[in-house]
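Notes to accompany the following structure.
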Amino acid sequence: MKIIAFYLPQFHNIPENDEWWGNGFTEWTNVKKAKPIFEGHQQPKVPLNNNYYNLLDDNVKVWQADLAKKYGVYGFCYYHYWFNGKMLLEKPMEQMLENKEVDIPFCISWANEPWTKAWVGDEKKMLIAQEYGQEEEWKEHFMYLLPFFKDERYIKKDGKPFFIFYRPDIVPCMKEMIDLWNRLAKENGLNGISFAFQCGDYDWNNSKEADLFDYDIEFQPPYASHWLYSNDGKVVALLKKWRRLLAGWAGKKFGIDLYRYGTARYKKITGQTIANYDAMWKKIIDAKPVRNNSIPGAFVKWDNTPRHGDRGQVNVGTPEKFKYYLSKQIKHAKNDYHEDMIFMYAWNEWAEGGYLEPDEDDKYGYLEAIKAALEENNEFPNY
């Protein structure tokens, strides 16, 4: 079973973050300043041996790859930030491409949302709008990605590089872009591209556009949250639907992100601050594939209060619970999804509580849980 962990590159300084949030801002900034918001809430989280690493250090990337493979994490899915030619946080992935000692399979998810201050809980402040340009810009983007696609470590699906859109619903030129990229891939010696999208906290029911994609990744736990809280009344459900449609229209038309407005406040008002880890996982392992091309997801834990404070959500279990549910999800992936992939949230989302890397509280517990769940099902990967 190929467990592919989402990978956040915001663990190094960039000029834009220094300008927007102060000199030295990285993901560790929010992690270090986190505070407990209720009795028994374990914050701040501290990496094992105070390993507040800098991702521009190649030794860190080699350590991450070796650690992941030791415990059975098959590969990383790097988040990629491209704004019509403008890039952010691109250096770790570029350095990885050049350094073959970072020996782990990888793929890329284009985090194609506008860049906002949501990192630190401000949902309204727009910093960079997401615009897509025309064919010339799409070709520029593809040519930037081509060396990654051709790398021997790049993950393939159906013999083609596997590429993910984080928010497909806000792309106004999706069909034209996919058609062009497939053509360019074949012109450059590839068999095309396997396109997927991350299905987050709603079902993307626009079948005309969803059908452009080869695969649908169930992004957990947001997708399970959608399943759990979708029965909160017809009026609320209708309002949420129209909010989503309006946000998709605004994203396509203006490159802005209305969908996140009020999300954290809504969770606080509706009492969703502390979520039920067992209930969330039960939804995941009991679910049937939404589509015949769905790829199942999983999550380690979730606690985004380092970013959002008391407007955040906490959904934390134990390594033992995680191992129990992941073992069931491995069976579920094989038997019901007929898939050899599970996308895991996450390798290093420290400020959202979704990380496999060792910390002072659980040491290597969550990594050991992955290894045990894979071995229990005779699914430890062959690299």
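The values are calculated or read from the model by the stated rules, or taken from the named source; none is laboratory data. Bear in mind that the values here come from a model prediction, so they are computed numbers and not experimental data. Neighbour counts are summed over all protein chains in view; Cβ atoms, including those assigned to glycine, are modelled from backbone coordinates with ideal geometry. We work out accessible area using only protein heavy atoms, side chains counted, and drop any ligands, DNA or RNA first. Shrake-Rupley method; radii C 1.70, N 1.55, O 1.52, S 1.80 Å.
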Expressed in nanometres to one decimal, the distance between label points 7 Å along Cα→Cβ at LYS321 and ASP340 is 3.3 nm
Between the modelled labels at ASP103 and TYR383 (7 Å from Cα along Cα→Cβ) the distance in nm is 0.7 nm
So ASN84 and GLU176, fully extended at 0.36 nm per residue minus their Cα-Cα distance, gain in nm 31.6 nm
Excluding ligands, DNA and RNA, the carbon-plus-sulfur percentage of the accessible area of region 265-362 with a 1.4 Å probe reads 48 percent
Per DSSP, the loop-located trypsin sites (Lys or Arg not before Pro) within region 56-105 having at most 13 other beta carbons within 10 Å are LYS100
Heads up, region 1-55 by the C-alpha gyration tensor (a ≥ b ≥ c square roots of eigenvalues; a/c under 1.5 rounded, else a/b over b/c prolate, else oblate) looks oblate
Across 10 Å bins beginning at 0, the whole-percent shares of Cα-Cα pair distances in region 1-107 come to 13, 38, 34, 14, 1
Residues whose modelled amide H sits under 5 Å from the amide H of ASN304, counting only those 5 or more places away in sequence or on another chain, are GLN313
For region 35-181, percent of DSSP beta bridges that are antiparallel (nearest 5) comes out at 45 percent
Counting only protein heavy atoms with a 1.4 Å probe and every protein chain in place, the carbon and sulfur fraction of the accessible surface of region 1-154 in whole percent equals 46 percent
Long-range amide H partners of ALA5, meaning residues 5 or more apart or on another chain whose placed amide H is closer than 5 Å, are GLY75, PHE76, CYS77, MET344
Of region 180-198, those with amide N under 11 Å from the point 7 Å along the Cα→Cβ vector of LYS150 are 188-190
So for R0 = 35 Å, FRET eff. of GLU375-ASP158 from the Cβ-Cβ r, to 0.05, ends up at 0.80
With the 1.4 Å probe rolled over protein heavy atoms, region 14-145 has an accessible area per residue in Å² of 44 Å²
Rounded to one decimal in Å, the inverse mean reciprocal Cα-Cα distance for region 35-96, i.e. its Kirkwood radius, is 14.5 Å
In nanometres, the difference between 0.36 nm per residue of separation and the alpha-carbon distance of LEU48 and VAL290 is 83.3 nm
Amide H neighbours of HIS12 at under 5 Å, excluding residues fewer than 5 places away on the same chain, with H built from the backbone geometry, are GLU27, LEU55
